[in-house]
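S.K.: The structure's right below; bear with me while I get my questions together.
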């Protein structure tokens, strides 16, 4: 759920419900951040340090995350199957709706499965195994080269 100072109870509650109803049978762990909802059917911790996060990520094959760029890129770099649910302003999960755009863009790039409504999580989880995602390729080198060229020409 990231480390923003906003709750994301909506997603945590839906995952809890799906586990309780037997719709999710895999082991689930969540970093819940500033959410005040505490899951009843899966393990969680408020915050993980970098090593803890890396260790847990290495063990999983699916990631359900908020729409933060860092969370998404971190998971796709490790070739995890990702469902991203954007935080939304109307639920007081963020100050604006920029995560809707982030999730939409990564979805269009065929790197993740993006959903805007947690109510669709059950159906989309069922589709996740069959989906083929493109491999993430960083464009950091291209950006650095563009800046270098700009500096040399100006």
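S.K.: Take the conditions more than 17 Å from residue 125 (Cβ to Cβ), touching a helix residue (DSSP H, G or I) at 6+ places or on another chain (Cβ under 8 Å), surrounded by fewer than 19 Cβ atoms within 10 Å (Cβ to Cβ) and modelled with pLDDT of 95 or more and apply them to residue 45. Does it pass?
M.R.: yes
S.K.: If I ask for residues that are under 14 Å from residue 10 (Cα atoms), out of contact with any helix residue (DSSP H, G or I) (no Cβ under 9 Å at 6 or more places or on another chain) and assigned to a helix (DSSP H, G or I), which ones from segment 90-124 would you list?
M.R.: 90, 120
S.K.: Hey, among the residues in segment 87-106 that are surrounded by 17 or more Cβ atoms within 10 Å (Cβ to Cβ) and touching a strand residue (DSSP E or B) at 6+ places or on another chain (Cβ under 7 Å), which one's nearest to residue 18 (Cα to Cα)?
M.R.: Filtering segment 87-106 for residues that are surrounded by 17 or more Cβ atoms within 10 Å (Cβ to Cβ) and touching a strand residue (DSSP E or B) at 6+ places or on another chain (Cβ under 7 Å), the one nearest to residue 18 (Cα to Cα) comes out as 87.
S.K.: Within segment 7-20, which residues are out of contact with any strand residue (DSSP E or B) (no Cβ under 9 Å at 6 or more places or on another chain) and in contact (Cβ under 8 Å) with a residue 12 or more places away in the chain?
M.R.: 7, 9, 13, 16, 18, 19, 20
S.K.: Here are 72, 83: which of them is crowded, with 19+ Cβ neighbours inside 10 Å, at pLDDT below 95 and within 14 Å of residue 113 (Cβ to Cβ)?
M.R.: Result: 72 is the single residue among 72, 83 that is crowded, with 19+ Cβ neighbours inside 10 Å, at pLDDT below 95 and within 14 Å of residue 113 (Cβ to Cβ).
S.K.: Name the helices (runs of 4 or more DSSP H) wholly inside segment 1-81 in which the number of residues that are under 13 Å from the mean Cα position of the chain (by Cα) and more than 21 Å from residue 108 (Cβ to Cβ) is 1 or more.
M.R.: Passing ranges, in order: 9-20, 50-59.
The values are calculated or read from the model by the stated rules, or taken from the named source; none is laboratory data. None of these values were measured; they are calculated from a predicted model. Cβ coordinates were reconstructed from backbone atoms using ideal geometry, including for glycine residues, and neighbour counts include every protein chain displayed.
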